[in-house]
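S.K.: I am attaching a structure below and will ask some questions about it afterwards.
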Amino acid sequence: MIDRTFEEYKALLDEHILDFIPDIDQKSITLYDSMKYSILAGGKRIRPVLLLAACEFCGGKAEEALPYACAMEYIHTYSLIHDDLPCMDDDELRRGQPTNHVIYGDAVATLAGDGLQAAAYEAMQRDMLLYFDNFDALKSRVRAAYEIVKGAGVTGMVAGQIADVEAENKRCSKELLDYIHITKTADMIISAVRAGARLGSCSEQELENLTVYAENLGLAFQVCDDILDVEGDEELLGKEVGHDEANSKATYPALYGLDESKRKLRELTDAAKDALAEYYDNAELFVELAEMLATRVS
Ligand code: GRG
């Protein structure tokens, strides 16, 4: 049962966000500092909150899901650090702060991303080691970790990133655009929700409904990001806008125009909400989050 607000889950996450980074040797302190810099730079924590909420929605305890929620945020943060590097999107501002490589240099920023990714896997594996004598608890943890690793991996986020990089300055079909958006962005959102559901020992029906919710939310998230890059407020967003057009990126507004992109965003938001309509009393957080995203651009 979900009985916390988005802000309450975020506060729980923030309180523990550094707990699963191993004690780093003093000789590698720059690595720790640079990892910590991006982790504490003010992310919205949407993916880990979704994970914690999905866990409780299905009957689990958010506190027990923390290693996986933090792992999710470590992986997300690594992807942003790497995405901002000069060899990728070459951004100097993220979450309202200078990007990691602007402060620490390209080499350290690359390693900070690598370190966060490794810390994510270590956090989940270490938690699993504690459940060898409880097969059911171990099973849901192994399944949750698999959801996360798959969403972040070479058929998920990394596949989306390479497709995105290769689509730059080229004509992009609608089919390829959907593939990029689903893999690069939606898969991490889907894996957060499904991992949380697994940790909460979900039923098949709950998993199915939550997955449909997350698929629509995930795509809505990227369409929203595309629209904001055209008409968002740099100060509110904490990053430069107009980057997609300047880099000839494949985006919804570029292919469909702004009005059609906004219509699509509304359609995806409604579909996300509909997927959980039968749980209305217990699904308010999910519904509000979908609506909050959609209203960011209206
Ligand atoms: C480098 C393997 C690799 C992948 C990078 C995440 C990503 C893939 C690229 C980022 C490009 C981008 C801005 C995509 C739009 C969707 C997105 C992931 C936005 C950032 O997520 P938020 O808004 O960020 O949740 P905060 O800062 O709140 O955590």
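The values are calculated or read from the model by the stated rules, or taken from the named source; none is laboratory data. What you see is a predicted model; the values in this text were computed from it and never measured. When we count neighbours, we look across all protein chains shown, and the Cβ atoms used for this are built from the backbone with ideal geometry, even at glycine. Areas reflect the complete protein model, heavy atoms only, side chains present, ligands, DNA and RNA absent. Shrake-Rupley method; radii C 1.70, N 1.55, O 1.52, S 1.80 Å.
S.K.: Being modelled with pLDDT of 95 or more and either open to solvent by 40 Å² or more (accessible area, probe 1.4 Å) or at positive phi (or both) is the filter here; which residues of the range 93-107 pass it?
M.R.: PRO98, VAL102, ILE103, TYR104, GLY105, ASP106, ALA107
S.K.: SER191 - would you say it is at pLDDT 95 or above and outside any helix (DSSP H, G or I)?
M.R.: no
S.K.: Residues in the range 28-46 that are within 12 Å of the ligand (Cβ to nearest atom) and assigned to a helix (DSSP H, G or I): how many?
M.R.: Qualifying residue count for the region: 3.
S.K.: Also: I'm checking my understanding of the structure. Among residues of the range 162-202 that are polar (S, T, N, Q) and more than 16 Å from the ligand (Cβ to nearest atom), which one is least open to solvent (accessible area, probe 1.4 Å)?
M.R.: The residue in question is SER173.
S.K.: Enumerate the pairs (first residue in the range 178-195 and over 23 Å from TYR256 (Cβ atoms); second residue anywhere and of a type in the set (Val, Ile, Thr) and open to solvent by less than 10 Å² (accessible area, probe 1.4 Å)) with beta-carbon separation below 6 Å, excluding pairs fewer than 6 apart on the same chain, so at least 6 apart or on different chains.
M.R.: Filtered contacts from the range 178-195: SER191/ILE148; ALA195/ILE148.
S.K.: Can you list residue pairs whose Cβ atoms sit under 7 Å apart, with the first residue in the range 41-64 being without any contact (Cβ under 8 Å) to a residue 40 or more places away in the chain and open to solvent by 10 Å² or more (accessible area, probe 1.4 Å) and the second being within 16 Å of the ligand (Cβ to nearest atom) and not acidic (Asp, Glu)? Count only pairs 6 or more apart in sequence or on different chains.
M.R.: Qualifying pairs under 7 Å: ARG45/LYS10; ARG45/LEU13.
S.K.: Follow-up. Restricting attention to the range 280-288, does a residue exist that is surrounded by fewer than 20 Cβ atoms within 10 Å (Cβ to Cβ), of a type in the set (Ser, Thr, Tyr), out of contact with any Gly (no Cβ under 7 Å at 6 or more places or on another chain) and touching a residue at least 12 places away in the same chain (Cβ under 8 Å)?
M.R.: Scanning the range 280-288, I find no residue that is surrounded by fewer than 20 Cβ atoms within 10 Å (Cβ to Cβ), of a type in the set (Ser, Thr, Tyr), out of contact with any Gly (no Cβ under 7 Å at 6 or more places or on another chain) and touching a residue at least 12 places away in the same chain (Cβ under 8 Å), so the answer is no.
S.K.: Continuing with this model, one more query. Within the range 231-251, is there a residue that is at pLDDT 75 or above and in contact with a Ser or Thr (Cβ under 7 Å, 6 or more places away or on another chain)?
M.R.: Within the range 231-251, not a single residue is at pLDDT 75 or above and in contact with a Ser or Thr (Cβ under 7 Å, 6 or more places away or on another chain).
S.K.: What are the pairs, 6+ residues apart or on separate chains, where a residue within the range 65-76 that is more than 14 Å from the ligand (Cβ to nearest atom) has its Cβ under 6 Å from a residue that is open to solvent by 10 Å² or more (accessible area, probe 1.4 Å)?
M.R.: ALA65/LEU199; LEU66/HIS16; PRO67/PHE20; PRO67/ASP127
S.K.: For ASP114, state whether it is within 16 Å of the ligand (Cβ to nearest atom), open to solvent by 10 Å² or more (accessible area, probe 1.4 Å) and at pLDDT below 95.
M.R.: No: the conditions fail for ASP114.
S.K.: Could you list, in sequence order, all residues of the range 243-277 that are outside any helix (DSSP H, G or I) and either within 11 Å of the ligand (Cβ to nearest atom) or open to solvent by 30 Å² or more (accessible area, probe 1.4 Å) (or both)?
M.R.: ASN247, SER248, LYS249, THR251
S.K.: Here's a check for you: in the range 196-205, which residue that is assigned to a helix (DSSP H, G or I) and in contact (Cβ under 8 Å) with a residue 40 or more places away in the chain is nearest to PRO48 (Cα to Cα)?
M.R.: GLY196
S.K.: Can you pull out every residue in the range 203-218 that is more than 11 Å from the ligand (Cβ to nearest atom), crowded, with 19+ Cβ neighbours inside 10 Å and within 16 Å of the chain's Cα centre (by Cα)?
M.R.: If the condition is that a residue be more than 11 Å from the ligand (Cβ to nearest atom), crowded, with 19+ Cβ neighbours inside 10 Å and within 16 Å of the chain's Cα centre (by Cα), then LEU210, TYR213, ALA214, GLU215, ASN216, LEU217 are the ones that fit.
S.K.: Only one of (1) within 14 Å of the ligand (Cβ to nearest atom); (2) under 15 Å from the mean Cα position of the chain (by Cα) fails for ASP91. Which number is that?
M.R.: (2)
S.K.: Right, another one. Look at the range 126-148 and say how many of its residues are without any contact (Cβ under 8 Å) to a residue 40 or more places away in the chain and either in a helix (DSSP H, G or I) or basic (Lys, Arg) (or both).
M.R.: Residues meeting the conditions: 8.
S.K.: Give ASP233, ASP225 a once-over and let me know the one that is of a type in the set (Asp, Glu) and either crowded, with 23+ Cβ neighbours inside 10 Å or more than 14 Å from the ligand (Cβ to nearest atom) (or both).
M.R.: Among ASP233, ASP225, only ASP233 is of a type in the set (Asp, Glu) and either crowded, with 23+ Cβ neighbours inside 10 Å or more than 14 Å from the ligand (Cβ to nearest atom) (or both).
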